[in-house]
Structure formats: C-alpha cells, structure tokens
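Notes for the one structure printed next.
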C-alpha cells in the first residue's frame, strides 16, 4: 500500500486518499503501525529482560540495553525527534547532497558502537535466532538510515514531491516495516519459549494507597 500510495502521490493522483498510506506523512496508517510495532517490541524486550534476570542469564544486560534502545526509537517515531535534531544540525554545520539529513551520521555512528557491543550477544544466540535478528536489523537499519542517504540526495537535487523520491521513500519505509514485523515475530517466539505466564496484579482496596502495580514472570 505504501509503494502504491507513493507512486500515486508522485504522479499527482488521488492525493486525498494516498496521504493515508504514504509513509512520508507522519500521521497515517504506516506511521501508526511503526509506532505500535516499536512500542510492542519495547514491551517484549522488557519482558525478556525480566525473564533473563530471573534466570540469571549473563546477557540480561544486553536485553536491557535493547529495550532501552527501542524505547528511545518509539519516542523518536512519536515525536519526529530525528527530524528536529537534523534541522538543528543542518542549521549549525550545514550539509547537502547525501548528507542533507544530518541525523543519519550521528544515528549510524551510534548504531556502529551498539553493533560492536552486541557481538558477544549475537554469538550467544542460536543460529536461527541470530539470522532472523540480523535480517530484521539490516532491513530496519538499512531502511531508516541507509536508504535515507539516497532520499537526501534526491531532495537536494530536486524535490521531495518527485516520483523518484516518493518511490525511494516507499522502499525505505517498507524495509523498516518489514524489519519490524520480523523482529516482532522472533521476539514473540523467543519470549513464549522461555516464559510460561505473565501476570499483572493491580492494587486492591486493601493495599496501601499509591502502591505500584506488581508484575510476576514465571520462567
């Protein structure tokens, strides 16, 4: 739907309809899906972190860091933080062509550091889990960061309303969404294989006022 909507938008057709599926708009179906997928991934990662802590998994810290990263990405997607950051950097240091979107450089540098940190963690995972996680990371990271360089170049040399820009943007956003779908499936598979039940106990009238909700994980 994103690719079709982007093509129609690039050829100036059905503008009133395409905005609901063109992922370049930030308040429509694709953007809502990305926010929900990122938020759900954050919840799954937090549950896996708790389960790994209970079972004394030596890589529980890595799961915690991943949960924190996805919490940040959820906030970023909800608030368009990277776009504001990019505008600030562009104003201070400039940038054009492939580097028009200045946020890419900072985010990809952070991604490189995280990749080094997670090398032992990846070796710890089983082959099937490792391949699926890498596929999700390549699709999501390549779509959100890598293809953005091409989008930046196209916008610098033309406009963000051209057909070529719209189609490249559709590839970028579609790769992100497919990567998130793969990630959700593998996290759900990993979680259900290690956790038998998750229960949430809310405070009742007999509990002290203001008591926080308690959670229980049965590995």
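Report the gain in length on full extension from residue 12 to residue 191: 0.36 nm times residue separation, minus Cα-Cα distance, nm rounded to one decimal. Don't jump to the answer; show the numbers that get you there.
Details: separation 179, 0.36 × 179 = 64.44 nm, distance 4.50 nm.
Using 0.36 nm per residue and subtracting the Cα-Cα distance, I get 59.9 nm.
What is the Cα centroid distance between the stretch 16-91 and the stretch 100-151, reported in whole angstrom?
For the stretch 16-91 versus the stretch 100-151, the Cα centre distance is 14 Å.
How would 50, 176 line up from fewest to most surrounding beta-carbon atoms within 10 angstrom?
Details: 50 20, 176 26.
By the 10 Å Cβ count, ascending, the order reads 50, 176.
So between residue 123 and residue 181, what do we pick up on full extension, going 0.36 nm a residue minus the alpha carbon distance? Display every interim value, and only then the final one.
Working: separation 58, 0.36 × 58 = 20.88 nm, distance 2.28 nm.
That works out to 18.6 nm of additional length.
Measuring from label point to label point, each 7 Å out along Cα→Cβ, what is the residue 157 to residue 36 span in nm?
Distance between label points: 3.8 nm.
Which of the peptides 179-188, 165-174 is most tightly packed, and how do the rest follow, judged by the mean count of other Cβ atoms within 10 Å per residue?
Details: 179-188: 18.7, 165-174: 21.4.
Put in order of decreasing packing, that is 165-174, 179-188.
We did not get these values from a lab; they are worked out from the coordinates using the rules stated. On a predicted model such as this, the values are computed, not experimentally measured, just so you know. Methodologically, a virtual Cβ is constructed for each residue, glycine included, from the backbone with ideal geometry; neighbour enumeration extends over all protein chains shown.
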